[in-house]
Amino acid sequence: MGNCCRKNCSCLSCVLPCVFKEEKRSGSNSFNGIVIQNPVITTQLDGPQVPPRFVNQGEQQRNSYVALYSYEGRTPDELSFKAGDQMLIIDTTHASWWKAKLLRTRGKAEGYVPFNYVAPVSSIESMPWFFKDIKRSEAERLLVRPGNTTGSFLIRESESQKGEYSLSVFDGIAVKHYRLRKLDDGGFYITSKSKFVSMNELVEYYGKREEGLCCKLLKPCITTGIPLPPDLCYHTADHWEINRNSLKFLKKLGQGQFGEVWEGLWNNTIPVAIKTLKTGTMNPQDFLREAQFMKNLRHPKLIQLQAVCTLEEPVYIITELMRHGSLLSYLQNDNGTSIHIPNQVDMAAQVASGMAYLETQSFIHRDLAARNVLVGENGVYKVADFGLARVFKGEDVYEAKNDTKLPLKWTAPEAIRYNRFTIKSDVWAFGILIFEIVTYGKMPYPGLTGRQALDKLENGYRIPKPFNCPHDLYKIMLECWNAKPEERPTFETLQWKLEDYFETDPSSYLEANNFER
Ligand code: ATP
């Protein structure tokens, strides 16, 4: 899953995941003009606090990093730098903002940098073709996107074989996958005929000749955009109660039961989403307690809480802005025009991935539904509003007379009856979310009130298979709706089932001579 599952963890495998790489810059084997020569590949893929391992043990070299993207410092404490700039990391005490010294003289030379904008010089992470822990299905989705051509490729960590790597190449028609085998001395090969001391050397070699691959490795997979820094700025990492005057409200994006959501700017520059909470809907102290925990939940498939304004009402919650709004309206607007089963399975898999992370953190969402999943650029889906239900939604919400707007239809029977909210009641809601996805945002149990649906469910009734829903997907929905919570699958299981949904033959990797195993 690509995260180390520690609470509050911000190690690379947790926080520099596929979504960031997805937005990684394009380039050639040289990176923004810097040709990485004589690379000494480090395979340090874990926590950023641990300095990378280099064969040359010089202190300077050990802490030499390269900027993956350009960054404009947002406060006087921070450094501005350009992609390709080299720097020494001099202090990693803070998990997500590292103190760095730029190896150039112009401008400010020392300050904090967002850790996910830099990588050790010559490390695999600094290579434009390395996409770390993206899945095979995501590699396929990225490589067929416009802008990639025959010979576009990426290298990723293997899903099935931990510590191994896979090469995915677009041959102009389809994406082909090859396993990179590791040599005992740290080298790599695809076919035992040609062995390499480093992955970089392997990439250079196959850039010049096919030698059994479907085509030469011509161009790293292109991506767009740059990742979000881990916080609004270095300062808000620890002081995330911000001055409400630093927010500018630009456009109302939507209205929920508990307030409005606005597109806005922080410090006149940084786009954010601002959720304004109706006065009296919650106790700011309760919210702050919950928000403290939520702020530390970091995953590429979860909406990042960035800051709050709680000193006076209305309370504001500041999160990352998602350009395409809620999944519910996204599905309803499309209504089958361009979204089909492969995209729908991918949406469900991405949500399961975010939920699997919450599962590892023993965190219960309590209000999982398509309205609480947000859609970003390039087919990215993220879970929002996790934990808020506990702060806002008291018993009265569930008991309210007009339940058409209420989450009864998403809530597991044991949660309604006995207030037993667990990760397994989230799994139940996930089954309903899959229903929403395959029906392009239809209301579950049409014609029934939530109470009527509950009565029927307790007599064994389940939503029938929507007409366009593949049998295997419906089977997953039914598993989520098992009457016994403990027999419902975990999100981890749901994630791999959905990610491997189209993977009929797990050994469908090619050998370099195109001979399918
Ligand atoms: P509920 O009140 O039951 O939670 P809801 O989830 O629709 O309902 P909100 O969370 O207040 O209510 O969101 C209202 C709308 O605002 C969403 O449907 C979505 O279109 C938009 N929205 C919310 N958060 C963001 C965000 N981070 N980026 C972009 N749009 C957002």
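The values are calculated or read from the model by the stated rules, or taken from the named source; none is laboratory data. Note that the structure is a prediction, hence the values are computed from the model and not measured. Positions of Cβ are generated from backbone atoms using ideal geometry, with glycine treated the same way; all protein chains shown enter the neighbour counts.
General remarks:
- Test result for Trp428, outside any loop (DSSP other than H, G, I, E, B), modelled with pLDDT under 95, within 25 Å of the chain's Cα centre (by Cα) and within 17 Å of Met355 (Cα to Cα): no
- Hits in the stretch 385-425 - residues which are farther than 23 Å from Pro446 by Cα, among the basic types (Lys, Arg) and either at pLDDT 60 or above or outside the structural domain of Phe491 (by TED's automatic domain parsing) (or both): Arg390, Arg420, Lys424
- If you go through the stretch 414-456 and keep only what is among the small types (Gly, Ala, Ser) and touching a helix residue (DSSP H, G or I) at 6+ places or on another chain (Cβ under 7 Å), you end up with Ala415, Ser425, Ala429, Gly431, Gly441, Gly450, Ala453.
- Where Leu331 falls short, out of the listed (1) without any contact (Cβ under 8 Å) to a residue 40 or more places away in the chain; (2) of a type outside the set (S, T, N, Q); (3) within 25 Å of Met355 (Cβ to Cβ): (1)
- The set of residues in the stretch 336-383 that are over 20 Å from Pro466 (Cα atoms) and small (Gly, Ala, Ser) comprises Ala352, Ser353, Gly354, Ala356, Ser362, Gly376, Gly379.
- If you go through the stretch 323-350 and keep only what is closer than 24 Å to Val427 by Cβ and within 11 Å of the ligand (Cβ to nearest atom), you end up with Ser326, Leu327, Leu328, Tyr330.
- Among the residues of the stretch 369-392, not one is in a loop (DSSP other than H, G, I, E, B), surrounded by 24 or more Cβ atoms within 10 Å (Cβ to Cβ) and in contact with a Phe, Trp or Tyr (Cβ under 6 Å, 6 or more places away or on another chain).
- Output for the stretch 351-370, where each listed residue is within 12 Å of the ligand (Cβ to nearest atom) and at pLDDT 95 or above: Leu368, Ala369, Ala370
- In the stretch 145-168, the residue that is surrounded by the fewest Cβ atoms within 10 Å (Cβ to Cβ) out of those that are small (Gly, Ala, Ser) and under 20 Å from Tyr206 (Cβ atoms) is Ser158.
- Taking the criterion of being β-branched (Val, Ile, Thr) and in contact with a helix residue (DSSP H, G or I) (Cβ under 7 Å, 6 or more places away or on another chain), the residues of the stretch 196-245 that qualify are Thr223, Thr224, Ile242.
- For the stretch 455-470, the count of residues that are assigned to a helix (DSSP H, G or I) and crowded, with 21+ Cβ neighbours inside 10 Å is zero.
Conditions tested, residue by residue: (1) in a strand (DSSP E or B); (2) under 23 Å from Lys442 (Cβ atoms); (3) of a type outside the set (Asp, Glu).
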{"residue": "Leu297", "(1), (2), (3)": "no, no, yes"}
{"residue": "Val308", "(1), (2), (3)": "yes, no, yes"}
{"residue": "Ser329", "(1), (2), (3)": "no, yes, yes"}
{"residue": "Gly336", "(1), (2), (3)": "no, yes, yes"}
{"residue": "Pro342", "(1), (2), (3)": "no, yes, yes"}
{"residue": "Ser353", "(1), (2), (3)": "no, no, yes"}
{"residue": "Tyr357", "(1), (2), (3)": "no, no, yes"}
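- Conditions (1) surrounded by fewer than 23 Cβ atoms within 10 Å (Cβ to Cβ); (2) under 30 Å from Trp97 (Cα atoms): number failed by Leu142: (1)
- Residues satisfying the stated conditions in the stretch 175-185, i.e. modelled with pLDDT under 90 and over 16 Å from Glu157 (Cβ atoms): Leu183, Asp184, Asp185
- Qualifying residue in the stretch 250-262 (condition: buried (at least 16 other Cβ atoms within 10 Å of the Cβ) and of a type in the set (Lys, Arg)): no
The rows are residues; the columns are (1) in contact with a strand residue (DSSP E or B) (Cβ under 6 Å, 6 or more places away or on another chain); (2) on the phi > 0 side of the Ramachandran plot; (3) polar (S, T, N, Q).
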{"residue": "Asn267", "(1), (2), (3)": "no, yes, yes"}
{"residue": "Lys278", "(1), (2), (3)": "yes, no, no"}
{"residue": "Met282", "(1), (2), (3)": "no, no, no"}
{"residue": "Phe293", "(1), (2), (3)": "no, no, no"}
{"residue": "Gln306", "(1), (2), (3)": "yes, no, yes"}
{"residue": "Cys309", "(1), (2), (3)": "yes, no, no"}
{"residue": "Glu312", "(1), (2), (3)": "no, no, no"}
{"residue": "Asp334", "(1), (2), (3)": "no, no, no"}
{"residue": "Met347", "(1), (2), (3)": "yes, no, no"}
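- Taking first residues from the stretch 172-197 that are over 21 Å from Leu218 (Cα atoms) and partners that are part of a loop (DSSP other than H, G, I, E, B), the Cβ contacts under 6 Å between residues at least 6 apart in sequence or on separate chains come to Gly187/Val197.
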